[in-house]
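The structure under discussion appears below in the form of structure tokens.
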Amino acid sequence: MEDCLFCKFAKEHNAKVYDDDLFYIIKDINPQAPLHYLAIPKHHFKYLTEMTSIDTENLGKIFAKISEMSINVLHLDGGYRLVINQGDNAGQTMPHLHIHILGGKEMGWSPA
Ligand code: 5GP
Ligand code: ZN
């Protein structure tokens, strides 16, 4: 997608925490926890409902990879939270699906 920042970042972001054929991880520019990453699939889609069977398969692989890297690469000792905002009520601002990875402290639970 031409005007999509996260599609552009796939090619040119110079501070990726992780990068492979399926997805990349960067630090969120406006962190909501001491550790706040974004895991971003390289294929552009906004909503989970738009996923092809390949996207679905890839998302499973992305979750597996995040868990594999959680301690050694992402330093999420003690646990972490994954969030995917979908649509306006959830506050989705970027039109390219991404997984928030939050950690680095004991978090509360009051998303509403
Ligand atoms: P959403 O609200 O769509 O779930 O999350 C979008 C996230 O992207 C926000 O947490 C926001 O801080 C982050 N973000 C927006 N623009 C940039 C950027 O240019 N660089 C980085 N690293 N994160 C960004
Ligand atoms: Zn995109």
What residue, of Asp77, Asp55, Asp88, Asp21, is of a type in the set (Asp, Glu) and in contact with a His (Cβ under 9 Å, 6 or more places away or on another chain)? Asp55
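Have a look at Leu74, Leu38, Leu22 and point out the one that is within 9 Å of ligand 1 (Cβ to nearest atom), at pLDDT 95 or above and touching a strand residue (DSSP E or B) at 6+ places or on another chain (Cβ under 8 Å). Step through it out loud before you land on a result.
On the way: Leu74 fails: within 9 Å of ligand 1 (Cβ to nearest atom); Leu22 fails: within 9 Å of ligand 1 (Cβ to nearest atom).
Exactly one of Leu74, Leu38, Leu22 is within 9 Å of ligand 1 (Cβ to nearest atom), at pLDDT 95 or above and touching a strand residue (DSSP E or B) at 6+ places or on another chain (Cβ under 8 Å), namely Leu38.
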Residue count, the range 67-91 (criterion: without any contact (Cβ under 8 Å) to a residue 40 or more places away in the chain and more than 16 Å from Pro34 (Cα to Cα)): 10
Looking across the range 25-45 at residues that are without any contact (Cβ under 8 Å) to a residue 24 or more places away in the chain and of a type in the set (A, V, I, L, M), the single one that is surrounded by the fewest Cβ atoms within 10 Å (Cβ to Cβ) is Ile29
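If you take the residues of the range 3-29 that are away from ligand 2 (no atom under 15 Å from the Cβ) and of a type in the set (Lys, Arg), which of them is nearest to Met94 (Cα to Cα)? Steps first, answer last, please.
First, pick out the residues of the range 3-29 that are away from ligand 2 (no atom under 15 Å from the Cβ): 14-21, 25, 27-29.
Still in the list and also of a type in the set (Lys, Arg): 16, 27.
Details: Lys16: 18, Lys27: 15 Å.
Applying the filter and picking the extreme gives Lys27.
The values are calculated or read from the model by the stated rules, or taken from the named source; none is laboratory data. Quick caveat, the model's predicted, so the values are computed rather than measured. Quick reminder, even Gly has a Cβ in these numbers, built from the backbone with ideal geometry, and neighbours come from all protein chains shown.
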